[in-house]
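The values are calculated or read from the model by the stated rules, or taken from the named source; none is laboratory data. In this text, all values refer to a predicted model and were calculated from it rather than measured experimentally. In this analysis, Cβ positions are derived from the backbone assuming ideal geometry, glycine residues included, and neighbour counts consider all displayed protein chains.
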Amino acid sequence: MIIYKKILQIKLIFAFTLFTGLVFADNHDINEVLDLIKKDIKTLEKAVYSNSSDLVSSSDNKKLSSNSEDVLTRHLLKLSEIENQFRDLTNKFEEINFKLDKLSSRLSKVQADNQLRFQEIENFLSSDEKKEDKTFKKKTKKTEELPGSSQPQDLGSISYKDTSNSDTTQQIQSVDTTSTIVTETFQAEETILPKEEPEKQYEFATSFLKVGDYSTAERAFREFVTTNPEHKLAGNAQYWYAETFRIRQLYTDAASAYLEGYQKYPKGEKAPINLLKLGVSMVQIGEKQQGCKMIEGVEKQYPKANQSVLQKAKYESKKFECKKQES
């Protein structure tokens with residue numbers, strides 16, 4: 001609208017000039033003046049319309065620039081939203097890490113507490129085992145002492161008839177007692193292993209361990225060792241024979257059985273654990289110095305033993321304070 005107003009103003013100005021020119025000019029110059037005015041009007045119209053096109057293009061550019069600014073603002077808003085979400089995620093991640101650190105510290109405290117409690121329980125059980133071993137020894141001594149066998153007694157005066165009668169009765173009693181002794185030894189020497197290959201006999205003996213029949217397992221493994229002393233499973237059988245005593249807390253018998261296995265089968269499969277159990281049994285029966293030497297000697301004599309056995313030896317040495325005793 002502004003452009004068209006300018007064109008009208010220009011036309012009015014030229015009309016006024018034309019009117020004044022017609023009034024004051026001569027007749028022969030009127031045509032020339034009109035031609036000049038037409039040319040000027042055309043040139044002015046071209047200039048005005050070119051300016052109008054420039055204005056239109058500038059308006060289009062403004063629209064494009066305004067659209068691009070809208071797109072940029074939208075992207076900036078989205079970026080700000082993403083940044084806020086990322087901050088929230090980082091905050092949550094830090095909170096989770098903090099909670100995990102707290103849980104790990106609590107778990108370490110619980111583990112340390114449990115280890116201390118387990119050590120106290122083991123010490124308590126070892127003290128109870130020593131007490132039970134002492135009471136068991138006292139009971140066995142009392143049962144072995146028969147009445148009238150410890151000290152001599154006065155039989156009194158007897159007559160000839162009494163002596164003759166007593167001889168007959170004594171002979172009868174001696175026969176009875178010998179018969180009972182023979183039957184008892186025969187029962188003790190009775191074989192329980194099946195008459196099969198040594199591998200089957202070994203499996204038969206271990207079956208008693210699995211069901212908890214340790215007395216029968218003791219007899220079976222002892223019979224296996226005596227009947228198959230050179231077999232490859234003899235060292236294992238000797239070890240399990242000793243284990244039947246240790247499980248029943250008969251530490252003296254267990255120590256003697258472990259010692260026999262260590263002396264007879266020093267290169268067997270169970271030799272490292274056999275030596276370790278021998279040392280533990282010696283400590284438990286009161287021979288701490290000898291037991292600690294055997295426990296410490298496991299790693300020296302069997303450096304290529306199973307790692308579980310070596311770790312167990314270190315644990316037992318630490319538990320019984322063997323290094324303090326040596327120092």
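Under 22 Å from residue 310 (Cβ atoms) and surrounded by fewer than 20 Cβ atoms within 10 Å (Cβ to Cβ) - does that describe any residue in the stretch 251-262? Yes, that holds for at least one residue.
Limited to the stretch 274-310, what total is found for residues that are surrounded by fewer than 22 Cβ atoms within 10 Å (Cβ to Cβ), aliphatic (A, V, I, L, M) and either assigned to a helix (DSSP H, G or I) or outside the structural domain of residue 245 (by TED's automatic domain parsing) (or both)? Counting residues in the stretch 274-310 that are surrounded by fewer than 22 Cβ atoms within 10 Å (Cβ to Cβ), aliphatic (A, V, I, L, M) and either assigned to a helix (DSSP H, G or I) or outside the structural domain of residue 245 (by TED's automatic domain parsing) (or both) gives 2.
Give the stretch 198-231 a look and list any residue that's more than 18 Å from residue 254 (Cα to Cα) and loosely packed, with under 15 Cβ neighbours inside 10 Å, or say none. Scanning the stretch 198-231 gives 199, 200, 203, 207, 210, 211, 227, 229, 230. Scanning the stretch 232-240 turns up one or more residues that are crowded, with 19+ Cβ neighbours inside 10 Å, under 33 Å from the mean Cα position of the chain (by Cα), under 26 Å from residue 125 (Cα atoms) and among the aromatic types (Phe, Trp, Tyr).
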